[in-house]
Amino acid sequence: MDYVSALVPPVVMAVFFIALVVTIVKSQGGSNKAKEDAAVDAVVARAEAARQKQK
C-alpha cells in the first residue's frame, strides 16, 4: 500500500494542472477576448497618458 500513498500526490497535482490548462485555454478568445482586449487597451492608454503628462 506504500505505492498508493506515493502515487497519490503526483496524480492529484497532475489533475489540477490539467484543469488549470483547460481553464486557461477555454478562457482565450470568444466573448472574453473583447473584454480582455478592452482592459489591456485601457491600461496602456492610461500609462501612455501618464507618460505624456510627465514630459
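Details
- Summed over segment 38-55, residues that are open to solvent by 70 Å² or more (accessible area, probe 1.4 Å) and in a helix (DSSP H, G or I) total 10.
- Selection within segment 1-18 - open to solvent by less than 70 Å² (accessible area, probe 1.4 Å) and under 18 Å from the mean Cα position of the chain (by Cα): 14
- Segment 19-34, residues that are more than 12 Å from the chain's Cα centre (by Cα) and exposed (fewer than 10 other Cβ atoms within 10 Å of the Cβ): 30, 31
The values are calculated or read from the model by the stated rules, or taken from the named source; none is laboratory data. These numbers were taken from a predicted model, which means no experiment stands behind them. Backbone-built Cβ (ideal geometry, glycine too); neighbour counts: all protein chains shown. Surface accessibility is based on the protein's heavy atoms, side chains included, excluding ligands, DNA and RNA. Shrake-Rupley method; radii C 1.70, N 1.55, O 1.52, S 1.80 Å.
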